[in-house]
Amino acid sequence: MFSLSVLFFTFYLIGIFSLIFFGISMQKEKERFYQEMQGDRLSLDQVTVLIPFRNEEKYIEAYLKSVCNSERNPKKYIFINDHSTDGGREIVERYINEFTIEAEILNLPEGKTGKKRAIRFGMRSVKTDFVLTMDADVRFRSSYFNSLESLIGGDMYILPVVMKAKRRLESFFEIDVLLANALNAGISGIRRPVMASGANFLFRKLAFDQLDTIEEHVQVASGDDVYLLRDFQRNGAAVQLITNPKYAVETNTPSSLKEFFNQRLRWVGKTRNVNDRLSLFLALGQSLMSLFFTILLIVSLVYGNWKWFMILLVVKSLFDMLVLLPYFFQFKRWKAWLLLPVYELVFPIYSLIILVLLFFFKPKWKGRKIYS
C-alpha cells in the first residue's frame, strides 16, 4: 500500500507540477510577449459583438445593463434571437430603442435553430474586421472594452470567463471549471490551448470565413467554440489564450444539480466529438490518475486503515491547494479554493455519475436535443 501510494504521488506530482506550475508560468511569459509585440493594436471600431440568445428573459437584462454602464463600446452590437418563447426579445428591443450606440436585433429564420446557426446568421451583418461572441447571460466591468484595445497580433483571442456562485453551496459548482481553465492555461503555456468559451471569444472575420467547417459538425448543437478553435489551429492561425482577469466576463453557476449535470454532460460531449488528440490525452491521463487515487482510498477503507485514508486525502488536498492557489487567487475564487478538500472526496462519485449518465441521459440545451 505504501509503495503504491509513493508511486501515485510521484507521477501525480510530476504531472500536476509540470502542467499547472511550469505550464502557467510559461503561459504568463507568452502573454507578456504578446503585450510587447510591435504593430497596430485592436481598435474598438474594428469590433462587432454577436449575442445569440434563446429564452434568456431572466438573465439578459444584466448583460444589457453592462452595455449601458460600459465606458467604451464596440462598433456595433448584434443580438440574434433564436426563436425565444419568453419575453427576452422584448427586453432587448426596449434597451436598443434607448441606446445611443449602434445595435440591432435579428430573428433567426424558420428552419434554422441553435447557437451555431445564429452566429453564422449574424455574421452576414458584420462589416468589421473582428467579431466578439458573448453569451446573453454574462456581465462585464465598465472598463472591459478599454482592455481589448491592448490586444495585438492574433487571429483569435480566447478570453477568460469567470463562473460565480450566487449562494455558498454553489461555489462547489465553480471548482471543476476553475480546474479545467487552469489546466488549459498550463497546456497552452507548454503547447497550445485545448478549450475556448463562446461566452467571451474574439476572432478575425476573414479567418472565420475562410476556415469555418460548420458542415462537419452541424448535427451537434453545442460546442461552436471548441470546433472553431480547432479550425483555426489546424490551419496555422495565430491563436492567443489570455488569462488576465481584466479581460474577463462573469456568468452564474448552475442553480441546481440537474442543471449542473446537464451542463457538464454537454461539455464532456463536446470534448469527445471534437476529436482533439491532445485534449483526449489529457482527459485520459486525468481519468487514470483519479481512478488510481480512488482505488487507493477504497483499499484503505476495505482494510480499515482510516489513518492512511486520511493521510492520502490530506496530502493530495494540501498539494492541490498549494499549486492551484495562484490561479484561484488571480480570479479571487476563495470559497471555491477552500472547498477543494471536499471536492477531492466527492470527485470519484461525481465522475462515476457523469460516466453512467453519458450512457443513459441525453443532455438538452434550451429545451432542444444536443445531437440531431
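Considering the range 73-92 alone, what residues qualify as being modelled with pLDDT under 95 and surrounded by fewer than 18 Cβ atoms within 10 Å (Cβ to Cβ)?
The answer is HIS83, THR85, ASP86, GLY87.
List the residue pairs whose Cβ atoms are under 9 Å apart, where the first residue sits in the range 172-192 and is within 17 Å of ALA248 (Cβ to Cβ), the second is surrounded by fewer than 21 Cβ atoms within 10 Å (Cβ to Cβ) and basic (Lys, Arg), and the two are 6 or more positions apart or on different chains.
Note: pairs meeting the criteria are GLU174/LYS164; GLU174/LYS335; ALA185/LYS28; SER188/LYS30.
So which helices (runs of 4 or more DSSP H) stay within the range 277-368 end to end and still have 2 or more residues that are over 22 Å from the mean Cα position of the chain (by Cα) and not assigned by TED's automatic domain parsing to the domain that holds ARG192?
On the way: elements: 277-302, 306-330, 334-338, 340-360.
In the range 277-368, the matching helices (runs of 4 or more DSSP H) lie at 277-302, 306-330, 340-360.
Here is a check on your reading of the model: is LEU179 surrounded by fewer than 21 Cβ atoms within 10 Å (Cβ to Cβ) and of a type outside the set (S, T, N, Q)? Show your work before the answer.
Working: surrounded by fewer than 21 Cβ atoms within 10 Å (Cβ to Cβ): yes; of a type outside the set (S, T, N, Q): yes.
Answer is yes for this residue.
Within the bounds of the range 282-289, is there any residue that is hydroxyl-bearing (Ser, Thr, Tyr) and modelled with pLDDT of 80 or more? Show your work before the answer.
So the first thing to find is which residues in the range 282-289 are hydroxyl-bearing (Ser, Thr, Tyr), and the list is 287.
Subset that is modelled with pLDDT of 80 or more: none.
No, there is no match, as no residue in the range 282-289 is hydroxyl-bearing (Ser, Thr, Tyr) and modelled with pLDDT of 80 or more.
Go through (1) out of contact with any Phe, Trp or Tyr (no Cβ under 9 Å at 6 or more places or on another chain); (2) farther than 30 Å from LYS112 by Cβ; (3) at pLDDT below 85 and name the single condition LEU318 misses.
Just one mismatch for LEU318, condition (3).
Looking at the range 239-262 only, could you name the residues that are surrounded by fewer than 17 Cβ atoms within 10 Å (Cβ to Cβ) and among the charged types (D, E, K, R)?
Residues of the range 239-262 surrounded by fewer than 17 Cβ atoms within 10 Å (Cβ to Cβ): 244-246, 254-259.
Selection gives LYS246, LYS258, GLU259.
A quick yes/no check of all residues on (1) out of contact with any strand residue (DSSP E or B) (no Cβ under 6 Å at 6 or more places or on another chain); (2) farther than 25 Å from ASN146 by Cα; (3) of a type in the set (Lys, Arg):
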residue	(1), (2), (3)
ASP176	yes, yes, no
LEU183	yes, yes, no
GLY186	yes, yes, no
SER197	no, no, no
LEU211	yes, yes, no
ARG234	yes, yes, yes
VAL239	no, no, no
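Given the conditions (1) on the phi > 0 side of the Ramachandran plot; (2) crowded, with 21+ Cβ neighbours inside 10 Å, and given that GLY236 satisfies all but one, which numbered condition is not satisfied?
Against the list (1) on the phi > 0 side of the Ramachandran plot; (2) crowded, with 21+ Cβ neighbours inside 10 Å, GLY236 comes up short only on (2).
The values are calculated or read from the model by the stated rules, or taken from the named source; none is laboratory data. As the structure is a computational prediction, the values presented were derived from the model and not from experiment. Using ideal geometry, Cβ is built from the backbone for each residue, glycine included, and neighbour counts are taken over all protein chains shown.
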